[in-house]
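Taking it in order: structure first as structure tokens, then the write-up.
The values are calculated or read from the model by the stated rules, or taken from the named source; none is laboratory data. This one's a predicted model, so the numbers in the text were calculated from it and none came from an experiment. Every residue, glycine among them, receives a Cβ derived from its backbone with ideal geometry; neighbour counts consider all protein chains shown. Note: areas computed on protein heavy atoms with side chains; ligands, DNA, RNA excluded. Shrake-Rupley method; radii C 1.70, N 1.55, O 1.52, S 1.80 Å.
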Amino acid sequence: MKRVLRHSRVDLALHGLREGEGRPLLLLHGLGERSPRDVPAAVAPWPGPIYALDFTGHGESALPRGGGYTGECLLGDADAAISELGHVTLRGRGLGAWVALLAAGARPDGVRGAILSDGPGLAGGGARPGSPVIPYVDPGAAAATPDPFALVELSRDIRPPEYATAFARLATELSGLPRALSVCAVERPDWLRAVLEEPGVETATLAAALAYHSAS
């Protein structure tokens, strides 16, 4: 079942993958990906309902004209889904892990734990700005997802470690959880290594993280 949410001028697709009782698990996909059509086997042990969000310019969500993608814009997408669902636990892959971290810090009232996993777009554009790039998109090409502007801009979106740790601290201090963030990623870009040094952040397998957050 798909719900259509509105964020700014963009229609977002929120997919209900499984119904159930209790707190939902909200899946946030990686760069260039889309929400799965069925519950992935890796998260099937979650006891409650499971939803998945297509970010702006991905999957069945709308494309903005001319790009302008940042992690903070996608945080707004996640915020719309959190407002729709109420209290959720987040599981983010790649780019979705970055957005999950931002959402856990920005919306500790709505996020009960975030699980950060490997996937496309985890590293972003590194810790500091690089050389400017103006993406070229063929104006004659049919509009389709993933948006080429999203692929270019979000792959270069900077991830300063001190910025990441600010959101990690907000999540751990304001969520009321002893362990607000679980890191299941093998890849460790600079921002994620910095987050792992913060109190209230654990390294765990995905299975262990799902079990912990479902019980918290």
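The structure-derived value of Cα Rg over 2.2 N^0.38 Å appears in the list [x] 1.05; [y] 0.96; [z] 1.13 under the label [y].
Using the heavy atoms of the protein chains alone and a 1.4 angstrom probe, what is the accessible area of the chain per residue in square angstrom? Can you show the working numbers first?
On the way: 9560 Å² over 216 residues.
On a per-residue basis, the chain sits at 44 Å².
Near the amide H of Asp11, within less than 5 Å, lie the amide hydrogens of Ala62, all on another chain or at least 5 residues away, with H placed in the peptide plane. I need the shape label for the stretch 1-65. Rule: rounded when a/c is under 1.5, else prolate if a/b > b/c, else oblate, with a, b, c from the alpha carbon gyration tensor. Prolate is the answer for the stretch 1-65, as a/c is 1.5 or above and a/b outweighs b/c.
The local environment of Leu85, defined by Cβ-Cβ distances under 12 Å, has a net charge of +2 under the rule Lys, Arg +1 and Asp, Glu -1.
Which percent of the accessible area of the chain is formed by carbon and sulfur heavy atoms (probe 1.4 angstrom)? All intermediate terms of the calculation are to be shown ahead of the outcome.
Values: 5210 of 9560 Å².
Using a 1.4 Å probe with all protein chains present, the chain comes out at 55 percent carbon and sulfur.
Distance between the pseudo-spin-label points of Thr203 and Ala143 (7 Å out from Cα toward the beta carbon): 4.5 nm. Of the peptides 106-115, 170-179, the ranking by mean beta-carbon count within 10 Å, highest at the top, reads 106-115, 170-179. Projecting the Cα atoms of Ser83, Tyr212, Val152 onto the dipole axis of the stretch 74-216, where Lys and Arg carry +1 and Asp and Glu carry -1 at the beta carbon, places Tyr212 farthest toward the positive end. Note on the stretch 1-125: antiparallel DSSP beta bridges, both residues inside, total approximately 45 percent of the bridges counted.
Mean separation of Cα pairs under 8 Å and 6 or more residues apart, divided by the residue count, gives the chain a relative contact order of 21 percent.
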